[in-house]
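A short write-up of the structure that comes next.
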Amino acid sequence: MIAVAAPSVRIFSRFRRSIVGLVALSLLAGGCSTTQSAGKAERASEPSQVAARGDGASATSKPAPLASGPAQTEAPRDEAAPEPAAPPMAEAAAAAEKKKDTSASPAKAAAPSGIGGLSLKGSGMGGGGRGVSIGSGRLGGSHTGPRARVQANSVLAPPPAPTAAPIERDAEMNTENYAHITENPFLAVKNQPLSTFSVDVDTASYSNSRRILAEGTLPPKDAIRIEEWVNYFSYDYAKPTGNAPFAVNTEVTSCPWNSAHKLVRIGIKGQEIREENVPPRNLVFLLDVSGSMMSADKLPLVKRGLALMTESLRSQDSIAIVVYAGNSGLVLPATPGSQRGKILKALDGLEAGGSTNGGEGIQLAYSVAQQQFKKGGINRVILATDGDFNVGTTSEGALTRLIEDKRKSGVFLTVLGFGTGNTKDSTMEMLADKGNGNYAYIDTLTEARKVLVREAGSTLVTIAKDVKLQVEMNPLKVQSYKLIGYENRLLAKEDFNDDKKDAGEIGAGHTVTALYEIVPKGAAAPATPAVDPLKYQGAGAPSAAASSGELMTVSVRYKPPQGDVSTKFSVVVADNTKPIDQASDDYRFGVAVANVALVLRGSTDVKQSSLESARALAAGAIGQDTHGDRREFLAMVDEAKRLRGGAQGVLKTVAR
């Protein structure tokens, strides 16, 4: 049983930055690098070498300094530990508190070597960027001026204690980026009877929002993608029984936030694959080791998370490691999964420093994956980054074209987001969407274990690609409808039958959920702009099928992982509406998650509900919560309630 803090107990601590401390650190950055580490600070490698703590490493021309230090073949003790009792929410809160404490602690400095001197082993303070500028919101970067040598045992005077400041102060140091989301409107069936969209198996929005709440602020509206909140959780949907790689489950109930409306849930369950039947894996870790990845919640967490993943590798699997900063390099050539010590040694040697040339790293990683391509196997690049590309190919347009070109190779992509303060969420989501992949955000080691170990099958094993849904509403039953979430996954109705149109992927065992809010025929519908009558054709009369009592028909189109021709099948949804309190636990919990996300986004369509009512719905639908994910959600709602209107009044969301 996982204990959940009561609403009256503040379970998260505020993460504040000291401007004075940052000034002190920035003055040092011009001549030396500092890091707060459990180990000692070590000299960076020479600029002409790429970190190669693993055997057989090679590099491109002029790589950035990336690694040094003693080899280590054993994983840290806690990496092999069982699932911790504390949920990621509490773990993220502890990390935020630790980050606050270490930001005011004395730091030891070592003599730097190489550009910027940022390649220090261990977790620490700092970030990437291209120079030192308090206004830009990042410390570190590339420095080419004189370097002062500091004694190894010297201690910097701690900065003055930070004074009380309004919550908006963090915005000065925050360059996080989120794509704008316009909430889906209600659509009249007489004008738009078809709703078409791509599936979305990403979960990054939920865990990223959890991290933001743990820091003591409300997530910005554009950081909340409702479908990713709902799809973060797994549901006990019926498994596929036919030839299709997944099954479609539906359920219809009353709507908890508008009693005059109905809710329809469409649930997809992917085919599960037993471990012994998993095809050979050809995995390329593409790791961002630029200066912006220096802090403890970035590269150090990347290394620990990927070390966990290596525990399940087999001799028929292969792992390669490509890194990028100012340049890219091959740290570990393709290595059998049975040689775990060699893989861990290469991971352990990685250190952060330099600018971020993500485009060059992507090209090298795909090249390595193609060289080791396993026909009929799993071929995937796993990109771990904060998304802050600032050298080389940097524009979203150029990155989009690059990743679209690379996906033609048959190599899939997983994007793992890390860190806080300069997270480029929109870039990482775009890369995953265009690269036949998925996007997860990792804020704690527990989340890394969930994504890379517990759910490795759905994360790595693709069972269907370009999966699209098209829902046809019955005009005799439905007056208008609204798709909840999936705003950036909408497709034109013509795209459904167009096999050239890219769509989302589904992994082994994945569950994907979509919710429609339905206004029944004859009920008062939300106002929608009127459409002038057509001059040259009249409105078509309903067909005989409209009188059958069917509410809608759900059609699904998909391709096999290495195929180019799609297959279609359809499922009819009957108008068997029941009260929501008679629905399954999975149904009610998923609806409650969507309700909370709608409230936090400020949706005008849920005015009859609140965080309190949504939490009550979720609390009564916990069900089989083996890993405590659902109980943790209740703690998140409690924290959101406090931030929205606690004893200190309504707190503003930091601009991100």
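The values are calculated or read from the model by the stated rules, or taken from the named source; none is laboratory data. Note that the structure is a prediction, hence the values are computed from the model and not measured. So basically every Cβ, Gly included, is an ideal-geometry build from the backbone, and we count neighbours across all protein chains shown. Just so you know, the surface numbers come from the protein's heavy atoms only, side chains and all, with ligands and any DNA or RNA stripped out. Shrake-Rupley method; radii C 1.70, N 1.55, O 1.52, S 1.80 Å.
Considering each of LYS500, LYS521 in turn, give the residue that is open to solvent by 90 Å² or more (accessible area, probe 1.4 Å), within 30 Å of VAL593 (Cα to Cα) and modelled with pLDDT of 90 or more.
Matching residue, one of LYS500, LYS521: LYS521.
Looking at the range 385-399, which of its residues are at pLDDT 85 or above and in contact with a Lys or Arg (Cβ under 8 Å, 6 or more places away or on another chain)?
Looking only at the range 385-399, we keep the residues that are at pLDDT 85 or above, and these are 385-386.
ASP386, the sole residue that qualifies.
Determine which member of the set THR241, THR203 is hydroxyl-bearing (Ser, Thr, Tyr), at pLDDT below 95 and within 29 Å of THR626 (Cα to Cα). If you could, list the steps in order and put the result at the bottom.
Working: THR203 fails: at pLDDT below 95.
Only one candidate passes the filter, namely THR241.
Out of all the residues in the range 177-201, which are in a loop (DSSP other than H, G, I, E, B) and either buried (at least 24 other Cβ atoms within 10 Å of the Cβ) or aliphatic (A, V, I, L, M) (or both)?
Kept after step one, since they are in a loop (DSSP other than H, G, I, E, B), are these residues of the range 177-201: 178-186, 189-193, 199-201.
Across the range 177-201, the qualifying residues are ALA179, ILE181, VAL189, VAL199, ASP200, VAL201.
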Can you tell me which residue is least open to solvent (accessible area, probe 1.4 Å) among those in the range 426-461 that are under 23 Å from ASN379 (Cβ atoms) and among the acidic types (Asp, Glu)? GLU429
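Looking at GLY305, GLY361, GLY337, GLY354, can you tell me which residue is over 20 Å from VAL415 (Cα atoms) and in contact (Cβ under 8 Å) with a residue 60 or more places away in the chain?
Values: GLY305 fails: over 20 Å from VAL415 (Cα atoms); GLY361 fails: over 20 Å from VAL415 (Cα atoms); GLY337 fails: in contact (Cβ under 8 Å) with a residue 60 or more places away in the chain.
One residue alone meets the criteria, GLY354.
Looking at the structure I just gave you, is THR253 part of a strand (DSSP E or B) and either buried (at least 21 other Cβ atoms within 10 Å of the Cβ) or touching a helix residue (DSSP H, G or I) at 6+ places or on another chain (Cβ under 6 Å) (or both)? Working first, answer last.
Values: part of a strand (DSSP E or B): yes; either buried (at least 21 other Cβ atoms within 10 Å of the Cβ) or touching a helix residue (DSSP H, G or I) at 6+ places or on another chain (Cβ under 6 Å) (or both): yes.
So THR253 fits the description; yes.
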Which one is farthest from LEU634 (Cα to Cα) among residues in the range 211-224 that are out of contact with any Leu (no Cβ under 7 Å at 6 or more places or on another chain) and open to solvent by 10 Å² or more (accessible area, probe 1.4 Å)? ASP222
Suppose the filter is touching a Phe, Trp or Tyr at 6+ places or on another chain (Cβ under 7 Å) and modelled with pLDDT of 95 or more; does VAL230 pass it? no
Check the range 262-272 and report whether any residue there is modelled with pLDDT under 95, surrounded by fewer than 24 Cβ atoms within 10 Å (Cβ to Cβ), part of a loop (DSSP other than H, G, I, E, B) and on the phi < 0 side of the Ramachandran plot. yes
If a residue has to be open to solvent by less than 10 Å² (accessible area, probe 1.4 Å) and assigned to a helix (DSSP H, G or I) to count, how many in the range 462-497 make the cut? 1
Output the qualifying pairs, or none if there are none: Cβ atoms under 8 angstrom, residues six or more apart or on different chains, first residue in the range 528-541 and in a loop (DSSP other than H, G, I, E, B), second residue hydroxyl-bearing (Ser, Thr, Tyr) and at pLDDT 75 or above. THR528/SER480
Scan the range 586-595 and tell me whether some residue there is at pLDDT 95 or above, part of a helix (DSSP H, G or I), on the phi < 0 side of the Ramachandran plot and acidic (Asp, Glu). yes
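Can you confirm whether THR513 is modelled with pLDDT under 95 and either within 24 Å of PHE589 (Cβ to Cβ) or not aromatic (Phe, Trp, Tyr) (or both)?
Values: modelled with pLDDT under 95: no; either within 24 Å of PHE589 (Cβ to Cβ) or not aromatic (Phe, Trp, Tyr) (or both): yes.
So THR513 fails the test.
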Condition broken by GLY435, with the remaining ones in (1) over 12 Å from the mean Cα position of the chain (by Cα); (2) touching a residue at least 60 places away in the same chain (Cβ under 8 Å) satisfied: (2)
Of the conditions (1) on the phi > 0 side of the Ramachandran plot; (2) under 28 Å from the mean Cα position of the chain (by Cα), GLY549 satisfies every one except a single condition; which number is it? (2)
